[in-house]
Amino acid sequence: MSALYFLDTNILVHLVRDDATGQRIKNQYGLLINDPRPLISGVTEGEIRSLAYQWKWGGRKKEQMRFFLSFFWRTPIEKPEIYEAYAAIDAFCQSKGQPMGQNDLWIAASAHVFQAHLLTTDADFDRLHPMFITRDYIDPSKG
């Protein structure tokens, strides 16, 4: 059995674009063959659908987006444990004078509760590793 991965929204963006970073992520982490299937937050679904509108994705990219949204396991945020983790992570970030965006907080809280490795291209999660989450930072500049 492979590690349980939790995907940040930016990982889905690279997968949909099927760019060099997306291909590297797919191959390195075996996201389409991984057992168990990687997790995404319900927040990520809203965020990537918004990005599709903002970036005016065409039919092919929207189809790719729908495929990935249906393939990965979606986790709802409506769990008391996730609310509690959100509060603890937010308080920690605020105490350091480094607030996080709300979507990132929900994603981090969900990864924490599911004890999954968070895959991200966003260095903002670094401050939470390893206290709250285990994150794998993927540098998009390395293709």
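The values are calculated or read from the model by the stated rules, or taken from the named source; none is laboratory data. Just so it is clear, the structure is predicted and the values come from calculations on it, not from any experiment. Please note: Cβ atoms are built from the backbone with ideal geometry, for glycine as well, and neighbour counts cover all protein chains shown.
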Evaluation of LEU69 against (1) farther than 17 Å from ARG135 by Cα; (2) crowded, with 16+ Cβ neighbours inside 10 Å; (3) modelled with pLDDT under 95 (one fails), failing number: (3)
Single residue of ASP104, ASP139 found to be exposed (fewer than 13 other Cβ atoms within 10 Å of the Cβ) and under 23 Å from LYS26 (Cα atoms): ASP139
Residue in segment 49-72 that is touching a helix residue (DSSP H, G or I) at 6+ places or on another chain (Cβ under 8 Å), assigned to a strand (DSSP E or B) and of a type in the set (D, E, K, R) present: no
Residue list for segment 126-140, filter: assigned to a loop (DSSP other than H, G, I, E, B) and without any contact (Cβ under 8 Å) to a residue 12 or more places away in the chain: HIS129, PRO130
Of all residues in segment 116-125 being hydrophobic (A, V, I, L, M, F, W, C) and assigned to a helix (DSSP H, G or I), the one that is surrounded by the most Cβ atoms within 10 Å (Cβ to Cβ): PHE125
Where a residue in segment 74-96 is in a helix (DSSP H, G or I) and its partner, wherever it lies, is surrounded by fewer than 13 Cβ atoms within 10 Å (Cβ to Cβ) and of a type in the set (Gly, Ala, Ser), with Cβ under 9 Å and at least six apart: none
Among residues of segment 29-45, those that are surrounded by fewer than 21 Cβ atoms within 10 Å (Cβ to Cβ) and free of Cβ contacts under 8 Å to residues at least 40 places away in the same chain, counted: 9
